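Each remark here refers to the structure printed beneath this line.
The values are calculated or read from the model by the stated rules, or taken from the named source; none is laboratory data. The model shown is predicted, which means the values in this text are computed figures rather than measured ones. Cβ: placed from backbone, ideal geometry, glycine included. Neighbour counts: every protein chain shown. Each accessible area value is taken on the protein alone, full model and side chains, heavy atoms only, with ligands, DNA and RNA left out. Shrake-Rupley method; radii C 1.70, N 1.55, O 1.52, S 1.80 Å.
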Amino acid sequence: MNRIEYINKITTCAARFVHEVEGFNAIGNYHINIHAENFLVPLLNEVFGLELENLNSTKKKNFPAIDLADFKNRVAFQITSTSSLDKIRTTLETFSKYDLQNEFDVLYLYILTEKKPQYNDAKLKDVIPDSFGFESSDHIIDKDVILQKINAISSTPKIQAISKLYEHEFSDIQIEQRQLKFENGYLNNEPEDISPNMVKISFPKVLYKAELFINEEAILENLNDYLESIGKRKVKKLKPNTLVKKALKQNKVYFEDWILHEKCIYTFRDLSKNNEPLRKIIDAGTITTLDCKDFYEQDEASNKVFKNLLRKSLIQLCYYKGIEFFPPRGIFRFANSRPPKAKQIRWKGKKESTKTVIFEMTNKKEGHIICYRHLAFKASFLNFEIDWYLVINPTWSFTNPGGYRESRFESAYMAGIKRLENNNSVYNYFRFFAYSLSYTDLFVTEYPYLQTSKNEPLSLSPSLDEQKWIPVKIVEETSEFTPTEISLDNELTNSIFSDQ
């Protein structure tokens, strides 16, 4: 096949491309535009000699003003089927608003259908960033511009490669298959909001580091005097972490949102302030301010220290919410009162509601309380580029009648409740915790060193039919003895949550 035949095939397929976009858009379906972005990445890379990537796949969906980008060569593309001047202005305004001219030297607008014969550059001038070159005649392009550039390529093998790209996407078979998918509801599916079990968190931009300055001998002397008074053996030395806790306790400081690493304290608390309680155990002359991002990206050890500091800060945040950290299981659970009893808290979804967070569980024969069931969660932290997230995995904690120690029947209770709960009930527990951790009012102590956002859904397209992939839950009988019946907590339902 010669050069002219390849060019003819490309021209035919390019026309089909425009026709297909116009056809789907005419009936209000724009999924083909997303599909077009994936096709255009390899095509534009060949034609312009770039290394573009689809930002809707690799960075963020609806990345401000642009869809495709080559960060190495500093070139960006907006892909749209709308050719109006207003669309061009909106794109340039958004491009300027997010200072993308600092990332890219060139911006193209690729019109999937057909660009207008001419644009009034005077009406675009006020939205073009200062010192940024943008001319409508050069930077607004469509299929005709691409065909002209392809025709100017002298290499027949390169034109052959481009021809194969077009044929692969816009042959008769491919177009027929896309039409069938549309008729069967694939392209026609509305997107679905999904909620991963994590919430975005925020914290100060800097943390503080300082060396310890503790009179260890005095701490040991006071501790040994106490141990001797209760008839226990004296200790010769304290572990560093224990020493710090004893020193803080002696100074009547009870918070623990700090980390000890290599004989230094790390904290979000501003150690430079004279009234900061942690200054009582540090050498003020060694205080160092560290940029959080620089610190956690430094190496694996620093990242681990930072995550531990986030966990300790979460413990302090939860303390103000009536939630305690239970180290033996590494979980956060609603704390019982003294004496222990069932606990309910008021909260607001679509309306004011009451949620039981600690249940009394009674002996099924004798009727007395044998344990308490606490709503709980396990926590971990993830970061994606500059954003950090708290991952919340709801669970339960079962305590003895004292309300704190783990019940000896906990494993049996947990197995029983997992057989009863489904995805929706666990998701609603997550939503409840996300609400509880982010809620503030005049009567709740605000914790300044860690805040959580409300859970925000992500859009998935096409939507998934859950009935086709979630297995049917089979409730099995258990032979393991438990002194009480396990029942499903039905207090949280979809209808009581506000749409956010």
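Quick notes on this one:
- Per residue value of the accessible surface for the chain (all protein chains in place, 1.4 Å probe), Å²: 57 Å²
- Each of (1) 28.4; (2) 26.7; (3) 24.5 is a candidate for Kirkwood radius over Cα pairs in Å; the one calculated from this structure is (1).
- Taking every DSSP helix (H) stretch of at least 4 residues in the chain, weighting each as -39,500 (n - 2.57) and dividing the sum by the residue count yields a mean residue ellipticity at 222 nm of -11000 deg cm²/dmol.
- Taking the longest Cα principal axis of the chain as reference, the axis of helix 423-438 is set at about 70 degrees.
- Those aspartates and glutamates that a straight Cα-Cα span of less than 15 Å connects to residue 365, excepting residues fewer than 8 apart in one chain: 485
- Under 25 Å of direct C-alpha separation, and excluding same-chain neighbours fewer than eight residues apart, residue 351 reaches these lysines: 200, 321, 343, 454.
- Formal net charge of residues neighbouring residue 68 (Cβ-Cβ distance under 9 Å; K, R +1; D, E -1): -4
- Placing R0 at 45 angstrom, the Cβ-Cβ distance between residue 418 and residue 288 gives a FRET efficiency of 0.45 after rounding to 0.05.
- Calculated FRET efficiency for the pair residue 440/residue 98, C-beta based, R₀ 22 Å, to 0.05: 0.15
- Of all lysines in the structure, the ones whose alpha carbon falls short of 16 Å from that of residue 209, not counting any fewer than 8 places away in one chain, are 263, 273, 280, 293, 304, 307, 312.
- Protein accessible area in region 305-425, 1.4 Å probe - carbon and sulfur %: 49 percent
- Residue 149/residue 274 FRET efficiency (R0 45 Å; Cβ-Cβ; nearest 0.05): 0.10
- Contour minus Cα-Cα distance for residue 174 and residue 348 (0.36 nm per residue): 57.6 nm
- Among the chymotrypsin sites (Phe, Trp or Tyr not before Pro) found in region 225-314, those both in a DSSP coil and sparsely packed, with 14 or fewer other Cβ atoms within 10 Å of their Cβ, are 254.
- Modelled spin labels at residue 1 and residue 71, positioned 7 Å past Cα toward Cβ, are 3.6 nm from each other.
- Solvent-accessible area, 1.4 Å probe, carbon plus sulfur percent, for region 139-181: 52 percent
- Inter-label distance, nm, simple model (7 Å from Cα along the C-beta direction), residue 202/residue 226: 3.9 nm
- Helix 216-229 axis, angle to the chain major axis (alpha carbon atoms, nearest 10°): 50 degrees
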